[in-house]
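To start, the structure itself, in structure tokens.
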Amino acid sequence: MKSIWMILPLCLLFSCSQPPPPEALGTLERDRVLLRATTDEIITELPVREGSMVKQGDLLLRFDTRKQTAVVAMADADVAKARAYLLRLTNGERPEDIAAAQANVARARATLTEAELNFRRINQLRKDNLASPAESDKARAVRDQAEAELESSSEQLSKLIAGVREEDINQARATLDSTLAKLALEQKILDDLSVRATRDGRLDSLPFNVGERVPLGSVIVAIQADDAPYARVYVPEPYVAHLQIGQQLPVHVDGMAHNYTGTLRWISAQSAFTPYYALNEQDRSRLVYLAELDLDDSAVTLPTGIPTQVSLPAGVQP
């Protein structure tokens with residue numbers, strides 16, 4: 001009996017000296033989506049209040065669109081001009097233009113016939129000494145001019161009948177493609193002036209107010225994703241070697257009676273701080289490594305920022 005009373009305090013002492021179960025401490029986090037300004041225009045509309053739930057595609061902010069709307073209109077006019085020019089080249093010349101060219105050829109031929117007959121008459125009179133050499137030279141010049149005009153009008157008719165060169169059509173097509181690309185670019189810039197939610201979540205922050213001119217590249221909208229949160233914790237160095245990506249661990253959230261199941265999705269390859277000297281065994285045990293664990297869908301209603309503890313594999317000597 002006396003020996004039992006002597007052993008009992010030792011058992012109590014041993015039980016009190018047991019180390020606490022290994023844990024990795026941290027908080028619940030969610031992905032935070034930051035949308036930045038693509039222009040330095042003035043904000044004209046903020047249709048959704050901070051803290052509201054938003055769906056992907058919801059309008060969150062709108063900039064002044066007047067200047068960019070004018071740019072889009074000019075680009076659209078350039079497209080219409082390029083398309084009309086290409087259509088003109090591919091359709092060929094109008095029948096009326098070809099008919100007018102044919103009439104010019106007929107007139108030039110008649111003029112040449114008259115000039116040729118006049119030259120022959122003057123040349124015969126010159127042989128009979130009834131015309132001067134100057135009159136003969138003038139008649140010859142008139143005839144040669146008529147021949148040149150007939151040749152010119154014939155070539156013009158041939159050009160109209162043959163149509164436009166293939167190279168000119170290809171150049172017109174390239175011009176149209178260029179104007180279409182420019183229009184698409186300017187339209188995209190115009191669309192970006194209406195900032196929309198890129199995923200479902202809670203509108204966490206709107207740093208600027210209506211009427212403010214926003215600097216280019218500034219964060220204008222912050223969305224907290226509406227997915228289930230993940231646990232971001234710091235794992236002590238002795239337990240890192242026993243963790244694997246995809247491993248499931250119990251996660252306790254402050255204020256909740258039951259644990260959640262967390263799946264390890266990432267663990268840092270570097271410790272939270274990098275020493276500049278060699279660490280002994282005792283110093284190494286103080287290092288921690290940042291890790292993230294996805295929680296199951298039952299945790300989707302939990303708010304962000306709650307302290308969290310992840311139970312680590314037992315049996316590891318710290």
inquiry  = Between segment 175-217 and segment 19-95, what is the separation of their alpha carbon centroids in Å?
reply    = 3
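Could you tell me what percent of the accessible area of the chain is made up of carbon and sulfur, with a 1.4 Å probe and every protein chain present? The partial results should precede the final answer.
Numbers: 11110 of 20530 Å².
The C+S portion of the solvent-accessible surface of the chain is 54 percent.
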request  = Quick one: grab the alpha carbon gyration tensor of segment 196-278, order the square roots of its eigenvalues as a ≥ b ≥ c, and give me rounded if a/c is under 1.5, else prolate or oblate depending on whether a/b is larger than b/c.
outcome  = oblate
ask   = Which whole-Hz ³J(HN,Hα) couplings does segment 288-304 yield from phi under the Karplus relation 6.51 cos²θ - 1.76 cosθ + 1.60, θ = phi - 60°, glycine and proline marked x?
value = 10, 10, 6, 9, 10, 10, 6, 9, 6, 5, 5, 9, 5, 8, 6, x, 7
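Where Rh denotes the Kirkwood radius from the mean inverse Cα pair distance, what is Rg over Rh for segment 136-237?
Numbers: Rg = 34.7 Å, Rh = 22.1 Å.
Rg/Rh for segment 136-237 comes to 1.57.
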request  = Hey, can you find the accessible area per residue of the chain for me, probe 1.4 Å, expressed in square angstrom?
outcome  = 65
inquiry  = Please list, ordered by chain and number, the residues whose modelled amide H lies under 5 Å from the amide H of Val235; skip anything fewer than 5 residues away on the same chain.
reply    = Tyr289, Leu290, Ala291
request  = Taking amide H positions as placed in the peptide plane 1.01 Å from N, state which residues far from Ala131 in sequence (5 or more) or on other chains have amide H under 5 Å from it.
outcome  = Arg126
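Which of the peptides 225-231, 103-109 is most tightly packed, and how do the rest follow, going by the mean number of other Cβ atoms within 10 Å of each residue?
Details: 225-231: 20.1, 103-109: 15.4.
Answer by packing, highest mean first, reads 225-231, 103-109.
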task = State the answer as a single residue: which of Ala172, Ile189, Leu130 lies farthest towards the positive end of the charge dipole of segment 124-190, with beta carbon charges of +1 for Lys and Arg and -1 for Asp and Glu, about the Cα centre.
result = Ile189
Hz values of 3J(HN,Hα) by residue in segment 26-39 - Karplus curve (6.51, -1.76, 1.60), Gly and Pro given as x = x, 9, 7, 9, 10, 4, 10, 9, 10, 9, 10, 6, 9, 8
request  = Quick one: what are the phi-derived ³J(HN,Hα) couplings along segment 247-257, Karplus 6.51/-1.76/1.60 with θ = phi - 60°, whole Hz, x for glycine and proline?
outcome  = 5, 9, 9, x, 10, 9, 10, 4, x, 9, 6
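Let me check I've understood the local charge: for Ala134, count other residues with C-beta under 14 angstrom from its C-beta, Lys and Arg +1, Asp and Glu -1. What total comes out?
Details: positive: Arg126, Lys138, Arg140; negative: Glu135, Asp137.
Net charge in that neighbourhood comes out at +1.
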query = Rounded if a/c is under 1.5, else prolate if a/b is larger than b/c, else oblate: which is segment 42-137, with a ≥ b ≥ c the root eigenvalues of its Cα gyration tensor?
reply = prolate
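Sequence gap of 8 or more, or different chains, plus Cα separation below 27 Å: how many lysine pairs satisfy both in the chain?
Values: Lys55/Lys188; Lys67/Lys81; Lys67/Lys182; Lys67/Lys188; Lys81/Lys159; Lys81/Lys182; Lys81/Lys188; Lys127/Lys138.
Counting lysine pairs in the chain gives 8.
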ask   = Using mean Cβ contacts within 10 Å as the protection proxy, how do 257-264, 208-215 order, highest first?
value = 257-264, 208-215
note = Out of Val221, Gly255, Phe63 - ranked by how far each Cα lies towards the positive end of the dipole of the chain, with unit charges on the beta-carbon of charged residues - the top one is Phe63
remark   = Given the candidates Gly51, Ala73, Ala37, the one whose Cα lies deepest towards the positive end of the charge dipole of segment 29-85, counting +1 at each Lys or Arg C-beta and -1 at each Asp or Glu C-beta, is Ala73
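So what's Rg/Rh here for the chain, counting alpha carbon atoms and using the Kirkwood radius for Rh? Show your work: numbers first, answer last.
Numbers: Rg = 44.5 Å, Rh = 29.4 Å.
A ratio of 1.51.
The values are calculated or read from the model by the stated rules, or taken from the named source; none is laboratory data. In this text the structure is predicted, and so the values were computed from the model without any measurement. All Cβ positions, even for glycine, are placed from backbone atoms using ideal geometry, and neighbour counts span all protein chains on display. To get the accessible areas, we keep the full protein, side chains included, count just its heavy atoms, and leave off ligands, DNA and RNA. Shrake-Rupley method; radii C 1.70, N 1.55, O 1.52, S 1.80 Å.
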